[in-house]
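Following: one structure in C-alpha cells, then a few remarks.
Rule-based calculations on the coordinates, nothing more; no lab input. Since this is a predicted model, take the numbers as computed values, not measurements. With ideal geometry, Cβ positions are generated from the backbone for all residues, glycine too; neighbour counts draw on all protein chains shown.
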Amino acid sequence: MTDAVPTNETILVVGAGISGVTAALEAAECGKDVVLVEKSPSVGGRVAQLYKYFPKMCRPLCGQEINQRRMDASRRLRLYTMAEIESVTGEAGNYDVSIRIRPRYVNENCTACGACADAVEAEIKNPHNLNLNAVKAAYIPYSMSYPQRYVLDPSIIGTDDAQKAKEACQYGAIELDMEEATVEIKAGAIIWATGWNPYDAAKIQPYGYDRYDNVITSLELERMMDPSGPTGGRILRPSDNREARSIAFIQCAGSRDQNHLSHCSRICCMASLKQSTYISEKYSIDSDATTTIYYIDIRTIDRLEDFQKRVQADEKVRFIKSKVANITEDRISGDVVLHGVNTEGYQRYDNQHDLAVLAIGMEPSVRAGAVGSGIAGDKSGFIQADANNGAIFGAGCAANALDVNRAVQSATAAALRAIQVVNGVAATEAGS
Amino acid sequence: MNDNNTAMIDKYRNSFLREVEDNVEQGEWVKMCMQCGVCSGSCPFGPHWEHPPQELFMMIRAGKRDAVLGTESMWMCTSCYNCVVRCPREIPITHIMHGLANYAHRLGLAPKVNPTRRFAKIFWDNISKNGRVNETSLSIKLYFMDGYSAGVKRAVEMANTGLGMFRTKRLNPLALISYKGIENPKQLQSMLKKAREIEGRRKGYPG
Amino acid sequence: MTDRKIATYICGGCGLGDRLDLNQLEEIARIENKSDIVRTHDFLCNSEGVSQIRKDIDDEQVTHVVIAACSRRAKTGAFAFDDIAFTRANLREGVIWVRPDSEDMRETTQDMADDYLRMAGAEIQYMQQPEVDRSEDSNKKILVVGGGMSGMTAAVEAARAGYRILLVEKRGRLGGTAASLWKRTPTREPFSDPEDTGAGELIALVEREPNIETFLNSAISRTSGAPGRFSVDISRESGGTRTENVGAIVQASGFTRFDAGILSEYSYPASADVVDQHELEELARSAGGGRIKRPSDGKEVASVVFIQCAGQRSEKEGHLPYCSGFCCNASIKQAMYFKDCDPGIDTNIIYTDLRTPGNGEDFYRSAQRKGVTFTKGSVDAVSPESDQLNVSFTDLILDEQTAVNVDLVVLATGQVPNSGVSIELEDAAEESDRNAKTPDADQTAEVPVDSILNLTYRQGPDLPHLRNGFSDSHFICFPYETRRTGIYACGPVRRPMDIAQAIDDATGAALKAIQAVENAALGRGAHPRSGDLSFPRYRKEGCTQCKRCTVECPFGAIDEDEQRYPLFNEARCRRCGTCMGACPVRVISFDNYSIDTVGQQLKAVDMPDEFDEKPRILILACENDAYPALDMAAHQRREYNQFVRVVPIRCLGSVNAVWVTDALNAGYDGVMLMGCKKGDDYQCHFVKGSDMAHDRMGKINDSLQQLQLETERVETYEIEITDVDRVVELINDYSRKINEIGMNPFKGF
C-alpha cells in the first residue's frame, strides 16, 4: 500500500473483484501508481461468493489469498473500500475524479477481534450470502475480507447497539460520528472493472422465482454449497429446509432471450455442470440425488469439453434439450413441476423436482452509459473498446460476459492499455 | 416419421421455407426459431398437437411440405399467446399457426374433418353474410354440423344455458327469422371478394 | 551477521495481555532469543506502536524485528517494513483464539505462546534481509515470436508503452492465418455482419512503429538466459544468425490447421467440393465478395452445408477431444459470405450444440435473419452423388435419418496448437524407447516436431504443455501464470480462439512481458511471491552434483554448468524453495528462508520429557492454503490441540527431509505436512510441491520403519484454503492418534 499522491500518471481502477484487483496489481507490479476503488467493505467481488471454480473445482479464495499477499507487498497500490466514483471529468491522461466514501464507522485501529459483533444485538440480512441468512449489524463481510476490518451497518447508527459496539471496542476503532467523505484525485487512465450482477430472476415470470420458495438462482445455490455458507454446505429447500434430492437446472434463465438478455452469458452452462458434480459427490453416499439439466445448447468451449463429457458420463445427471416453458408448484409437497417439451424427438414432460435452479444470466453492474456519457457500450450495456472512450477502459465482466479466466485476461490487457496512456503522460512531462 | 413425402431434391433445401415466407402470414419469422421448444411446452393444447410449433418450424426447414400443410396441429391453436410472450426470439408463433392453417386451407390441403377448421368456416360464412355475427344461427349451425340427431342432443344438453341467455337478452330466437346485420352487407361481400381475388392472384392460389 | 540487532515487540492487545503472562514472554525474548530490545505494548498495531518500531529501526539501528502479536496475515498494512528482516510470532490466531480461556488450560496456552516466541527468535537469528540484486544492465527489449494477429498485437501494444520489440516471423510475410481470411466475425455492435480482419491495418502499424524490428523468414534457433538477460539466436531461413539480448519473450506461435485428411467419411480430400474452413476462406477471397465457385468445376455454389465439430469433440483416434470454440461463429460468418451475395443460395449449418457465447448470439440471430438455416444433427457421411454431394445425417429434432444434396460441403475443423516440443511426451517417449521397441515403431513414429524457442534449459526446449498440446496456464485466477518465468504464451497456442480473443490475450501477455523485464531489473520475484527479493544460493563445496534441484525445479530455473554444478538463474526463479527441499546435502538456501530458518525454529521448541504427558506435534503448513485455513479457524474461535506447533512454509515442495528427521530426533511425536491439492487438478501454485512432498515422505516412511518408528508419525495432507472445519478435525484426530501410539521413544536422546 502506498501514501503517494495520485497524479496524471496514476491509474484508477474501479471495482475490486477479481478483474479490478488483477488490473490494479498487474499495473502496480509494472511500477505504476494505482488507486483501487471498491464499493463494498471488502475486496473480492463476485468470485468471493463462489464456492468453487470450474473446471478445476478449486477455491476462489485460494487465488484471492495470493492476490491479497500481492497487495500487501505492493508499495504502489492504494485501496479505498466503501467508495464509489461520484464524477469523472477531464480527458485521457488528465482526469479529475471525485470519490465518495461511505462511513464504515470503524477505523484502521480495528484488530478484527470481534468484540463489537459480540456486543451488538441487531442483525441484518447477510449480503455475502445473498440475504439467505442474517449477520450481526457489526460484521466482517466474510472469512477472507480484505481489509480485515469490521463494518457497522448504518441501520444501527444512533441506536443503543451502536453505543454497545463502541463501548465493547478497546482500541478506539469505532467512530460513530464518521461521515461520508469525498476524495478528489487525479488519474491518467481509468479501468472500469465493476463486474456483473445476476439478472433479476423475478422478471422471468413463467419460472415463478418470486412466487415459489423452491425456485432459486444458481448464485444462491453456490452459497448453499459453501460449507461456510448459510446452510453449512447443505442444499436445503427454502420451503421446508429439507435436503433437496432431485434438482433441476434451467439453463439460459434470462440469457439468449430477446425478452430479457439478448446475449449468451457464457458461464452458466459450466456453472450448472460444476454444480451438478457437487450434487453427485455431496450425496454420493446415499446416491439417490439426481440432477436434470434443461438446456438449449451446452456451451463448454475448449478444454471445458472434457468437463461436459465427465458430467455426461455420470448416470445421476440427466440432460434434456428443452427450454422449460413454465414452472408450477405442487401445493402439498412444495415440489416444483417443470413443464415443457424435450425437442429431441418431441417428448412432452411435466417433471416434479425438489428444487429448481435458474442458471441465471449475467448483466453488467454498471452499464456503459452510466460509466460516463459517450462511453460506448453494446446493447446489453457492456463497455465496448472505442477510440471515443478516451483513457477509460472496460475490464472483465464490465466489458463482456466472461468466465473468470477470460475476465482476468481482459483485466491484464486493460492494465497495459492504461499503462500506455500514463507512460505517454510521463514521456510528455519528461520532455516538457 | 415418414420422410417419403418430400422429394430428395427439396429436403433441407430452402424451397418450402421460401414458400412459407412468401405465402404465410408472418412466415418470414420461421427461420428465426432456435429449437428451444418453449412454445411447444407453453401451449395449453400442447398434448393434442401432432407436431408442436417448434417442430413444425423444423419440418418447414426440412422441406416436409405435405406433412406440414396436411397436419391438424396448427388448427389446435386457441390464440392464447403464451408461446408468443415466452418465445426468446419474439417469434409471432400464434400468427404463424393461423397463417399456416389458412394457407393449407386455401391450397385445399387442410384436413377435412377437423372441428376447428369447420367452426372457422361456419363462423366466416356467418359473419361475411351480414357483416355481424348472428349468434343464434351460428349456434344452430354448430349444433347441427354433425347431423340432425347429434344437433338435437347437443341442443338438449345446452338447453339451460340457452334459456339463461334468452332471459338475459343475450340470445334472440327471432334472429333466426330476421337478423339485421350491417347496413349494406352486399358491399362488404364484394369487398371481401375483391380482397380474396387480389390475395389469390398475388400468391397464386388455385381458383 | 555482524551487525545483527534484534528487537522484539510483544503485543498485549486482543486479549493477549489477559490470557498470557507477558513478563514471561519478555524474559524469553531477552534471554533465550537474545533480543537487544524488548518492548511490550498494549496495542502494537496502532500508529503509536508502529512508530515505536519505526523509531527503533531508524534510531537504534535495529536490523531484525520479531513481532509477537497476531498472525502474519493480519494487520499487514501496519506491520510493513521493507528495510529490515522481520518475522512474527503468531500468538493470537495461533494460540489464544484456538484455545479455551480456562484456568486449567492456562499453562498449556502459555507453553504454546512461549514456544512460538522462541521459534520466531530462532528464525530471526538465521534470517537476512535479502540483498537487492538490481541489475543495471538488465535488458528491457521484448522478443515476440510469431507475426500473426497475436504476435503483431503483442508487439504493437508493448511498443506503444515505450518498449523496444523484436518480432520474429517464420514466414515471408506478417499476418499469419488472419491475413488469409476474407473477413472475421464481428467484434462490435450490432454484431451482425462479418468484419474486415484488421490484419492489413495491423501489419501497417507494425511496419510504421519505430520501436519494432521485424525479422521475416526467421526462427529462434537458441534461447538461453533469464528474464532481463535472455540471449536469443534469430536464424534466417536463408542462413545467417543474429544473436540478440532481450528481457522477456512473448510466444505467439499460433496454430496449424487440423488435418482433415483423416475424415474420409466426409469424402475429404477425395472430393474437391468438400473443403475445410480455411479453404473456404480462400474461395471467398478469390470470389472477392462475388459468387463463390466450387473447386471441382467452377460452378457457382447454389447450396452449401457446414458440418460443425468435424474431427472435434470426439474421442476417435486422431480427432481433437476439445472444442475449438471459434468454429460455430466462423461457419456463421462463412454462410453469410454466400447469403450476403445472393439470398437465394441455400446455406445449412448442421450442429450438435451451437456455441456462440457472449455477443455471438447476436451474430447467430443475424445469420438466421439472413436465411441461414441451422439443423441440430449429426452427420454420418458425405458422398458424391451425380454432380453433387450427398450429406447423410440424423436430424436430432425430427429424430430421423435423412440426407441433403448440395454443391459444397465445408468442414468446421479445429485449431491444433503450434506449441513445439512437448516435454512430457519427450520424457514418455524416452521412457518407452528404453522399455520396448516395437518392430513397426519406425512406421508409427511421428514426424519430429520443431521446437519454437529452442530453450537451452535443463528441462526441455519449449514451454510445458498443459493439455492437448496447448501452452496454457493451469490456473483459473492466473491465466498468465507461466512455468518459464519471463516467457508468456498468447493466442491460439495457448487455447483455441478467434481473432478478437487473441487480441485481448496478446495485450495481456505483452503486459506480463513488460512486468517481467521491470521485475528483473529490480531483482523482484514474480507471481505468486511478487516482490520477493530473495533467491536461492548454494554452497558449492558441499554440492554432490546429484542434479535433484535441476530436475525438480518446477520452473526450469536451474541449469547445469560445464562442471555439472547447478547454475541458478535467479530471475527465472519463483522463490518456492523446491530446490531447497530437494537437496539431500542441504546446501541450498534463501536469505529469508532456509534449512536453518525452519530447522532452528522447530528445534527451539521447548521439548517436555516423556513423562510430562505433553506431546509435541509439528505442523508444516503451506502458506497459501493450510495456513490461512488455520487462521480462519481461529477467527471462528475453533479449538484445536494445544500440543501442536505450526510453522508456515512457502510450499510443501520446499520441505527438506532433514526437517522431518530433525523433528523426530528432537522428540516431536508426530509431524503433519499440510500442502494443497495434488494430481491433475493440482492447486499448488508452485506446480508440484504437494506431489513431491508426498513422494519424498513416502521415502521417509522407509527410514521410519528402519528406526522402528510408526509410519503414522509423519503424515501428509491435502488442505484447501476453505477447509476450516476439516483442518481442525485433522489436527484433533491426529493428536488422538499420537496419544494412542504413544510418545516418541527418541524423546530426550
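Cross-link reach is defined here as a Cα-Cα straight distance under 12 Å, omitting same-chain residues fewer than 8 places apart; for C:Lys678 the aspartates and glutamates meeting it are C:Asp691, C:Asp695, C:Glu718, C:Glu720. In terms of distances greater than 24 angstrom between alpha carbons, the cross-link table entries B:Lys11/C:Lys293; B:Lys141/B:Lys180; B:Lys31/C:Lys316 yield B:Lys31/C:Lys316.
Summing Lys and Arg as +1 and Asp and Glu as -1 over all other residues whose Cβ lies under 14 Å from the Cβ of C:Cys309 gives a net charge of -2. Neighbouring Cβ atoms from other chains, within 10 Å of the Cβ of residues in C:372-379, number 4 on average. Considering only the Cα atoms of chain A, their convex hull presents on average a projected area of 22.6 nm². Rounded to the nearest 10 degrees, the angle from helix A:18-28 to the longest Cα principal axis of chain A is 30 degrees. Translational diffusion of segment C:575-650 was estimated from the Stokes-Einstein equation, with Rh taken as the Kirkwood radius over Cα pairs; at 25 °C and 0.890 mPa s the coefficient is 171 µm²/s. Neighbours of A:Asn94 by Cβ distance under 13 Å: Lys/Arg scored +1, Asp/Glu scored -1, total -3. Note on C:Glu189 and B:Glu28: the model spin-label points, each 7 Å out from Cα along the C-beta direction, lie 2.5 nm apart. If R0 equals 25 Å, the separation of the Cβ atoms of A:Gln312 and C:Glu400 corresponds to a calculated FRET efficiency of about 0.60. Taking every residue in C:37-47 and counting other chain Cβ atoms within 10 Å of its Cβ, the average works out to 2. Looking at the square roots a ≥ b ≥ c of the eigenvalues of the Cα gyration tensor of segment C:1-81, which shape do they give, rounded for a/c under 1.5, prolate if a/b is larger than b/c, or oblate? Note, shape of segment C:1-81 comes out oblate. Applying both filters, DSSP loop and at most 12 other Cβ atoms within 10 Å, to the GluC sites (Glu not before Pro) of segment B:173-207 gives B:Glu183. Among C:Ser473, A:Ser265, B:Ser149, A:Ser239, the ranking by other beta carbons within 10 Å of each residue's beta carbon, starting with the fewest, stands as B:Ser149, A:Ser239, C:Ser473, A:Ser265. Averaged over the residues of A:343-355, the number of partner chain Cβ atoms lying within 10 Å of the residue Cβ comes to 4.
Counting every other Cβ atom within 10 Å of each residue's Cβ, B:Cys80, A:Cys269, A:Cys113 order from fewest to most as B:Cys80, A:Cys113, A:Cys269. Between A:Ile332 and C:Arg242, the C-beta separation translates, for a Förster distance of 56 Å, into a calculated FRET efficiency of about 0.10. Counting neighbouring beta carbons within 10 Å and listing from fewest to most, the residues A:Met144, C:Met697 come out as C:Met697, A:Met144. Once both labels are positioned 7 Å from their Cα atoms along Cα-to-Cβ, the gap between A:Thr7 and C:Gln706 label points is 6.3 nm. A run of chain C free of exposed loop cleavage sites, with GluC sites (Glu not before Pro) counted only in DSSP states other than H, G, I, E and B and at most 13 other beta carbons within 10 Å, reaches its longest extent at C:614-749.
Here segment C:701-749 and segment A:65-79 have alpha carbon centers that stand 35 Å from each other. Using the average count of surrounding beta-carbon atoms within 10 Å as a protection proxy, the listed peptides C:319-327, C:571-579, C:182-190 rank, highest first, as C:571-579, C:319-327, C:182-190. For segment A:198-362, the Stokes-Einstein estimate of translational diffusion at 4 °C and a viscosity of 1.567 mPa s comes to 82 µm²/s, using the Kirkwood hydrodynamic radius over alpha-carbon pairs. A viscosity of 1.567 mPa s and a temperature of 4 °C, combined with the Kirkwood radius over Cα pairs in Stokes-Einstein, give a translational diffusion coefficient for segment C:238-287 of 87 µm²/s. Working from Cα pairs under 8 Å separated by at least six residues, relative contact order for segment C:594-745 is 31 percent.
Within the shell defined by Cβ-Cβ distances under 10 Å, the residues around A:Thr10 carry a net charge of +2, with Lys and Arg each +1 and Asp and Glu each -1. For the listed peptides C:285-297, A:6-18, a ranking on the average number of other beta carbons within 10 Å per residue, highest first, reads A:6-18, C:285-297. For a paramagnetic label modelled on A:Arg242 (point 7 Å from Cα along Cα→Cβ), amide N atoms under 13 Å away belong, within segment A:323-338, to A:330-336. Beta-bridge orientation, chain A: approximately 55 percent antiparallel, per DSSP, counting only bridges with both partners inside. Our helix-only sum for chain B, with -39,500 (n - 2.57) per DSSP H run of n ≥ 4 divided by its residues, gives a mean residue ellipticity at 222 nm of -16000 deg cm²/dmol. Which shape class applies to segment C:331-387: rounded if a/c is under 1.5, otherwise prolate when a/b exceeds b/c and oblate if not, where a ≥ b ≥ c are the square roots of the Cα gyration tensor eigenvalues? Oblate. One quarter of the surface of the convex hull around the alpha-carbon atoms of segment C:448-548 equals 8.8 nm², the direction-averaged projected area.
Quarter the surface of the alpha carbon convex hull of the protein assembly as shown and you get the mean projected area, 63.7 square nanometres.
Using only the alpha-carbon atoms, how far is helix C:423-435 inclined from the longest principal axis of chain C? Give it as 0 to 90 degrees, nearest 10. Taking Cα atoms only, the helix is inclined about 90 degrees. Between C:Arg285 and A:Thr159, the simple spin-label model (points 7 angstrom out along Cα→Cβ) gives 7.0 nm. What shape does segment B:8-106 have by the C-alpha gyration tensor, where a ≥ b ≥ c are the square roots of the eigenvalues, rounded means a/c under 1.5, and otherwise prolate means a/b greater than b/c and oblate the rest? It comes out prolate by the Cα gyration axes. Using only Cα atoms, tell me the angle between helix C:199-208 and the longest principal axis of chain C; keep it within 0 to 90° and round to the nearest 10. The helix C:199-208 is inclined about 60 degrees to chain C. Placing R0 at 60 angstrom, the Cβ-Cβ distance between A:Ala370 and B:Leu174 gives a FRET efficiency of 0.35 after rounding to 0.05.
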